[in-house]
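Notes to accompany the following structure.
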Amino acid sequence: MREFAGKVAVITGAASGIGRGLAEWCVRAGVSVVLADIEEVSLDRTGADLKAMGGTVLCARTDVSKRGDVESLARRAFDAFGNVHLLFNNAGVAAGGAPWEATWNDWEWVIGVNLWGAIYGVKVFAPLMLAQNTECHIVNTASAAGLSAGGFSAPYSVTKHAVVALSESLYLTLQQRGTLVKVSVLCPGLVRTNIANAERNRPPELRNEPAPLTPKMQAGRAALEALVASSMPPSQVAEIVFEAIRKEQFYILTHPDWTEVIRLRTSRLLAMENPENPAAEVMKLLNQPM
Ligand SMILES: NC(=O)c1ccc[n+]([C@@H]2O[C@H](COP(=O)([O-])OP(=O)(O)OC[C@H]3O[C@@H](n4cnc5c(N)ncnc54)[C@H](O)[C@@H]3O)[C@@H](O)[C@H]2O)c1
């Protein structure tokens, strides 16, 4: 897709961070946006801000971990605009640590939002886009953590690897069938967003027993917040994403330092050497996903 003006984009996780950056880019390019997010107050605020920028905006409160919500998102988008040309399966959360220490609730919540959210997005929107028979593009947000060795948050890493696999499978099957629907997978390193406060969106039924933060965890959190504050802005990620859509580029890697980590992991894998992540020490200290 080379021309964006007049197109329609559905963006999940649009009320903050990367999703909001994508939405702002769309409005500036004359793309109508359907903003989907679980956080109603920031969703409405984002909608108002984008309308003030001159955007054509529909806000649809959506929990992407619920199939019915994603189906209703599609109905609302098609009812309002008739077509959807761009889908960003972007909503995501992070929680948990080592595989056995992450709680059942951590696993269920992170898999629900990050993986089922992307699966629902693909299952619901891809057939509608195919039937539409116009140029379309689906971008699934995975992470550099979906292409490198794990070692920080197991649930996060597992879901992001799965989103890469889902996207590759989608890309290959659509390509084999020669359709007009193109696909990319976005694998950023650290971006200046609210991901470190993902807990704000955890539903009450999946909350963990409150546990005091140890000094090490507090230090890790502070270090993560400092890292996030100095990392790539979402507007830059959006520029990279739309350039990739223009070029029909599947893998979108935004951070050169993480490209090195991925290269190292791949070469170890091919040499059948055991995993070792150069960023592991940082991640262990942070006890947080990226
Ligand atoms: N920030 C980073 O460093 C980074 C790096 C790699 C990948 N990512 C990925 O980017 C995506 C966007 O995250 P972000 O960094 O912008 O974080 P963010 O917290 O700023 O934005 C995430 C958005 O998703 C929404 N959301 C959470 N649960 C939801 C649900 N169940 N249904 C609908 N919306 C929901 C939140 O309300 C929020 O608006 C995520 O998939 C994340 O895993 C982020």
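The values are calculated or read from the model by the stated rules, or taken from the named source; none is laboratory data. Small disclaimer: the values here were computed from a predicted structure and weren't measured. Note: ideal-geometry Cβ built from the backbone for every residue, glycine included; neighbour counts use all protein chains shown.
Points to keep in mind about this one:
- Strands (runs of 3 or more DSSP E) completely within region 1-105 that count 3 or more residues being touching a residue at least 40 places away in the same chain (Cβ under 8 Å): 8-12, 32-37, 86-89
- Subset of region 223-247 (residues that are acidic (Asp, Glu) and under 17 Å from Ala9 (Cα atoms)): Glu239, Glu243
- Residues within region 193-217 that are part of a helix (DSSP H, G or I), within 12 Å of the ligand (Cβ to nearest atom) and surrounded by 15 or more Cβ atoms within 10 Å (Cβ to Cβ), tallied: 5
- For region 231-256, a residue qualifies if it is without any contact (Cβ under 8 Å) to a residue 24 or more places away in the chain and of a type in the set (A, V, I, L, M), and exactly one does: Ile240.
- Top-ranked residue of region 228-286 - restricted to ones that are among the charged types (D, E, K, R) and in a loop (DSSP other than H, G, I, E, B), ranked as modelled with the highest pLDDT: Glu248
- Per the conditions (1) modelled with pLDDT of 95 or more; (2) more than 8 Å from the ligand (Cβ to nearest atom); (3) of a type in the set (A, V, I, L, M), the sole criterion not satisfied by Ala36 is (2).
- Of all residues in region 133-150, those being modelled with pLDDT of 95 or more, out of contact with any strand residue (DSSP E or B) (no Cβ under 7 Å at 6 or more places or on another chain) and crowded, with 17+ Cβ neighbours inside 10 Å number 0.
- A single member of Gly178, Gly220 is of a type outside the set (Asp, Glu), at pLDDT below 95 and either exposed (fewer than 14 other Cβ atoms within 10 Å of the Cβ) or farther than 26 Å from Phe125 by Cβ (or both), and it is Gly220.
- Every test in (1) of a type in the set (A, V, I, L, M, F, W, C); (2) in contact with a helix residue (DSSP H, G or I) (Cβ under 6 Å, 6 or more places away or on another chain); (3) surrounded by fewer than 23 Cβ atoms within 10 Å (Cβ to Cβ); (4) closer than 17 Å to Glu199 by Cβ is passed by Val110 save one, and that test is (3).
- Val27, sole failed condition from (1) more than 16 Å from the ligand (Cβ to nearest atom); (2) surrounded by 15 or more Cβ atoms within 10 Å (Cβ to Cβ); (3) at pLDDT below 95: (3)
- Taken residue by residue, region 172-182 has no member that is β-branched (Val, Ile, Thr), within 16 Å of the ligand (Cβ to nearest atom) and in contact (Cβ under 8 Å) with a residue 24 or more places away in the chain.
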